[in-house]
Amino acid sequence: MTTMEIISNLAQVIVATSIIIVWVFRFNNIVSEFKQYGLPELVRSSVGAAKTVLATILVLDLWYEVPVISASLSMAFLMACAQGFHIRAKNPFMKFVPSALLLLLSLFVAGFHSGLI
């Protein structure tokens, strides 16, 4: 296993673990944020389901051949949307950091698996 493969695997685990922690163990924060953004419960539930499925795919890629490029690009898209909502809500800088880091890690995973990196 090359160094870049190890880094990609680590990035995948970080993204997946972060999603599970936020959407399972810190769900009350998610509820507050989506209310702040004026988004309905259906959108919150759909985003949560999508992120959970994508996180699962990112982890499954460590053992199985799964569509990791599509999953990581989809996760990057959702993180870019999160950035947009943070901007729209005029949140403080520290609120931007987690989704920005997950956006960059997701793009790295997609770039690595597609051969661009």
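Of note:
- Dipole magnitude of the chain, debye to nearest 20 (Cβ charges: Lys/Arg +1, Asp/Glu -1, about Cα centre): 560 debye
- Computed over segment 3-114, relative contact order equals 34 percent, with contacts defined as Cα pairs under 8 Å that lie 6+ residues apart.
- FRET efficiency for residue 39 and residue 95, using Cβ-Cβ distance with R0 set to 22 Å, rounded to 0.05: 0.90
- Within-14-Å neighbourhood charge of residue 52 [Cβ basis; K, R +1; D, E -1]: +3
- Listed by chain and number, the lysines placed with their C-alpha closer than 22 angstrom to that of residue 51 are 35, 95; residues fewer than eight positions away on the same chain are left out.
- Neighbourhood net charge (14 Å Cβ-Cβ; Lys/Arg +1, Asp/Glu -1) for residue 83: +2
- Percent breakdown of C-alpha pair distances by 5 Å bin, ordered from the shortest bin, for the chain: 2, 12, 22, 25, 18, 11, 7, 3, 1, 0
- Here the simple spin-label model places points 7 Å from the Cα toward Cβ, and for residue 66 and residue 3 these points are separated by 2.8 nm.
- Across the chain, the longest run free of exposed loop sites, meaning trypsin sites (Lys or Arg not before Pro) lying outside DSSP classes H, G, I, E and B with no more than 16 other Cβ atoms within 10 Å, spans 27-89.
- Under 15 Å, Cβ to Cβ, from residue 73 - net charge with Lys/Arg +1 and Asp/Glu -1: 0
- Spatial separation of Cα centroids for segment 86-117 and segment 45-73, in angstrom: 16 Å
- Under a Gaussian network description of the chain, with springs only between Cα atoms under 10 Å, the residue in 46, 74, 99 that fluctuates furthest is 46.
Only the coordinates and a few stated rules stand behind these numbers; no lab work does. Just so we're clear, the structure is a prediction, and the values are computed from it rather than from any experiment. Don't worry about glycine lacking a Cβ; one is built from the backbone with ideal geometry, like all the others, and counts go over all protein chains shown.
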